[in-house]
Each structure stands twice: as structure tokens, then as C-alpha cells.
Amino acid sequence: MTYRSITTFLHDPEAPMDAFELAIAASREWGAHLHVICVGIDPTEPGFYYAGAQAITVDHNLNIAREAALALETRIRKRLETEVIGWEVEVATVMAGSVYDFLAERARISDLMILPTPYGEARGYIDVAAVEACLFAASLPVLVVPDGYSGPIRPKRVLIGWNETQQALTATHDALPLLEGTDVDITIIDPLQHGPDRSDPGGRLAQYLNRHGAKAEISILAKSQPGVADMLCRRADERGCDMIVMGAYGHSRWRESIMGGATRHMLEIANMPVLMAH
């Protein structure tokens, strides 16, 4: 069981390429086909400009976006020509407001999406839209890579943030190709007092993972910090983990974007790849 089709998305030639390099390493490791989507972003907002300027502005912005996409394509093809993997590069120009729908359609026939962290100096709302499109509309697991990461694609120890939700279970299922032969720390923060596994929190999940060749153990923690993401990251560092697996957006995207949440906070602070699924 492994990933055979991997996709990644690029739109800014000036942004760090660590997620792209990890996607290459993953394709090499698993003999997977790599699909690279290079997009030039047209920032035009229909109806924003006054009458008469609309057509001129749209044409100007579209040309800039097209040139950026072609420049990015040239750079990516030059990099991939040195690799002995199956790959393809798709080039497109997309209006900023259409990125979500565009990626939802292009990425859905794939096993895994590898994307850069959507938060940071070199990131913006396009990167957020990309992650959300893959998680919600394409129903893909997303491996989010922090800028500056250069570690291995195959982890030696993985932390699973477990809270008995469907999102956490989906993420665990999607991570199975990474977990065989791996030490897994099932971390549970304040287990549910009336949940189905209240007498043995995480026990059934540990048995399931062991059947898949993982070496699973359970850690039960009392919530000692306001943020769940802070505790998971600290635990991952303490245990020497090099990847985190967790469910994404247990609350609505609107609530997390306005009030914050574990998903958004994890994407802001994680110093290792995080595999998420919804």
C-alpha cells in the first residue's frame, strides 16, 4: 500500500520550494507519478474597475499572470529533467477568486497533495485557498510542509493527534502508507469521559495500526496549555517525531478563520510536515 499519484501546486516563483522538493523526494521514494500544477494568478476582480478600464486591465493582468506561469513552468521543467521519475507539468492562468474551484477539480484524482504551509512571510490567501480546496472539495489528504524543511519524506516516528473524530480517523487511514514499520505515538489530550473508548482510550486504534505494521503506543495528556496545537507540537518534539498526523477543521472554516482553532494554529507553528485530512 503506497501513494502512486502525488500532486503539488505552485504559483509564486519567489516563494520557498521546500514542498516541491519534498514532492520530488516522495515520488522517487514510492515510485509515484508527480503532477505539478503551475499557475499564474490574475488578481483582477470582475466589476471592480470603472467602465472602459475593465477590458484593458483584465488583458494587462492576464498577460502578467501568463508570463509568470510560463516562467515558473520553465524553472520546474528544468529541475525535473534531472529526475528519473514519472512527471507532468500543467500550466494555467487563474483569477484569484477561482483558485479554490480550479484546484478542487484538478487535484481530486490523486492520492496525496503536498503543499507549503499557507501561513508565513511568503504566503497568502492563495495558499490558504489551496489547502482548503484539497481538504474540502477534492477530499484529498494534504501533507503540509513548513518553509525551510529539508528532512526525509519517510518518517521514523509519527505523532497522531487522536480525539475520536471522523476527521482524525480519516487522516489516520490516509496516512497508512507512511506508518508501516514506523513508531507511532497516539497522543490523546483530555480523552472523552463518555466516549466509546473511555475505558481504553486509543486502544482499538493502536491495535489497528499494529496490524498494519506500525509500532503504536498511547500517550494520554492533561490539557496544560490553551492551544491543542501547542501541546501536540511540544509532544512531537519531546518524542523525536518527524511528522504529525491529525484531522483538519473539526469546527467550521468560518469559525476557525475568525476565532482561530487547532488546525490553523498547527499550520502556523509546526516545524515538521503535518498530514491532514477532513
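Just for the stretch 233-266: of the residues that are open to solvent by 10 Å² or more (accessible area, probe 1.4 Å) and of a type in the set (A, V, I, L, M), which one is modelled with the highest pLDDT? Applying the filter and picking the extreme gives MET246.
Residues checked against (1) of a type in the set (Val, Ile, Thr); (2) free of Cβ contacts under 8 Å to residues at least 24 places away in the same chain:
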{"position": "LEU143", "(1), (2)": "no, no"}
{"position": "PRO146", "(1), (2)": "no, no"}
{"position": "SER150", "(1), (2)": "no, no"}
{"position": "LYS156", "(1), (2)": "no, no"}
{"position": "LEU159", "(1), (2)": "no, no"}
{"position": "ALA168", "(1), (2)": "no, no"}
{"position": "LEU176", "(1), (2)": "no, no"}
{"position": "ILE189", "(1), (2)": "yes, no"}
{"position": "ARG198", "(1), (2)": "no, yes"}
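The single condition from (1) open to solvent by 10 Å² or more (accessible area, probe 1.4 Å); (2) in a helix (DSSP H, G or I) that SER199 fails is (2).
With respect to the conditions (1) in contact (Cβ under 8 Å) with a residue 12 or more places away in the chain; (2) within 30 Å of PHE9 (Cβ to Cβ), VAL128 falls short on a single one, namely (1).
Among the residues of this structure, THR172 counts as one that is within 21 Å of ALA23 (Cα to Cα), out of contact with any Cys (no Cβ under 6 Å at 6 or more places or on another chain) and either open to solvent by less than 30 Å² (accessible area, probe 1.4 Å) or aromatic (Phe, Trp, Tyr) (or both). Restricting attention to the stretch 103-114, which residues are open to solvent by less than 10 Å² (accessible area, probe 1.4 Å) and either among the hydroxyl-bearing types (Ser, Thr, Tyr) or modelled with pLDDT of 95 or more (or both)? Scanning the stretch 103-114 gives LEU103, LEU112, MET113, ILE114.
For the structure I just gave you, tell me whether GLU105 is out of contact with any Gly (no Cβ under 6 Å at 6 or more places or on another chain), in a helix (DSSP H, G or I), without any contact (Cβ under 8 Å) to a residue 60 or more places away in the chain and of a type in the set (Asp, Glu). So GLU105 fits the description; yes.
Of all the residues that make up the stretch 143-162, how many are part of a strand (DSSP E or B), open to solvent by 40 Å² or more (accessible area, probe 1.4 Å) and either among the small types (Gly, Ala, Ser) or within 13 Å of HIS278 (Cβ to Cβ) (or both)? Residues in the stretch 143-162 being part of a strand (DSSP E or B), open to solvent by 40 Å² or more (accessible area, probe 1.4 Å) and either among the small types (Gly, Ala, Ser) or within 13 Å of HIS278 (Cβ to Cβ) (or both): 0 in total. Only one of the listed residues (THR117, THR93, THR165) is open to solvent by 40 Å² or more (accessible area, probe 1.4 Å), among the β-branched types (Val, Ile, Thr) and under 17 Å from ILE244 (Cα atoms). That residue is THR165. The lone criterion from (1) at pLDDT below 90; (2) open to solvent by 50 Å² or more (accessible area, probe 1.4 Å); (3) over 30 Å from ASN271 (Cβ atoms) left unmet by ALA53 is number (2).
Among the residues of the stretch 60-90, those identified as open to solvent by less than 60 Å² (accessible area, probe 1.4 Å), in contact (Cβ under 8 Å) with a residue 60 or more places away in the chain and under 19 Å from ASP127 (Cβ atoms) are LEU72, ILE76. Here is the figure for the stretch 204-223: residues that are among the basic types (Lys, Arg) and within 13 Å of ALA175 (Cβ to Cβ) total 0.
The values are calculated or read from the model by the stated rules, or taken from the named source; none is laboratory data. Computed from a predicted model, the values in this text were never measured in an experiment. Methodologically, a virtual Cβ is constructed for each residue, glycine included, from the backbone with ideal geometry; neighbour enumeration extends over all protein chains shown. What goes into the accessible areas is simple: the full protein's heavy atoms, side chains included, and nothing from ligands, DNA or RNA. Shrake-Rupley method; radii C 1.70, N 1.55, O 1.52, S 1.80 Å.
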